[in-house]
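Please treat every number below as a calculation from the coordinates, not as lab data. Every value quoted in this text rests on a predicted model; they were computed, and no experiment measured them. All Cβ positions, even for glycine, are placed from backbone atoms using ideal geometry, and neighbour counts span all protein chains on display.
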Amino acid sequence: MAIKFVFLFAFMALASVSAEDTNAIDVDSFRQHLPANLQNLSMPTLDEIENIVKDKCIQAGGSEEAYEQAKQGAQDLVNCIQGLIDIDEFKKEVEEAKPTGDLDTVFNKYCRKRNTLLECVNTFSNIIDPCLEEDERRHKGHGVDVFRNLLNFVCHKDGDQIALFIAEKGPECFLEQKDDLINCANNTFSGYFKDIDTSSQTIPKLVIGPKQCDDFTRLQNCLVQELEQCEESTPANLVESLFRFMRKGSPCDPKGKQG
């Protein structure tokens, strides 16, 4: 549902990568996880990515200054995330906590930082406003709400949900079904990539409508069906609950669709 906003953020983040960091991007590794219809396409350079995002910003009525501010905002968000969690350290803490059953302590530590992360996301969300069209700005708020719901679900009772997911072999289940889960994502999102004009390299309009909601449901059903193949039922149940929770207050909420 929020895939296009993730896509825009990824473009903004890439556009803010300095030249000396380009070698850190494994293009071939990234390409193999793309939908089949995109794997043979030539990947744009960082300069081309920057031009694509800048053109979108200006076409939406923003100025070059607005683009530069949005670009810096993307870098600030990346810095914020990196400052809140070191992935390698997080993995180490999780592995050390498993034998003692102290996973809730680890997740409590990181969940206490979620308000700071939300502030960073809101700041980025506000700063890109001049680079979005009016309906995109309205739908962008729904994307932020979905992200907030995701954090609230993960951090329910200080991370109780994610601790249960790990204790019930959730990561092992995901690894076991990895290829099928990737296929679920590719089959759902390949149509969005088709919306990208690879000749003029433009970004499609970032909105959440009935089609995005239907695809969100398709993705949910596909992921849950594959995870149900695992020995434990908890991973599939938690993922289904996660999707329902993320819908709350969004245009995809069955209790209050806004179109």
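Points worth noting:
- The local environment of Gly83, defined by Cβ-Cβ distances under 11 Å, has a net charge of -1 under the rule Lys, Arg +1 and Asp, Glu -1.
- Maximal additional length on extending the Ala167-Glu89 stretch stands at 26.2 nm, based on 0.36 nm per residue less the C-alpha distance.
- Amide H contacts under 5 Å for Gly62, placed H, 5+ residues apart: none
- Whole-Hz couplings from phi, Karplus 6.51/-1.76/1.60, listed for the range 50-64; x for Gly and Pro: 4, 5, 4, 5, 4, 4, 4, 4, 5, 5, 7, x, x, 9, 5
- For Asp253, the residues 5 or more places off, or on other chains, whose built amide H falls under 5 Å of its own are Gln258.
- Those aspartates and glutamates that a straight Cα-Cα span of less than 15 Å connects to Lys91, excepting residues fewer than 8 apart in one chain: Asp102, Asp104, Glu172
- Exceeding the 30 Å Cα-Cα cut-off - candidates Lys92/Lys157; Lys109/Lys248; Lys98/Lys140: Lys98/Lys140
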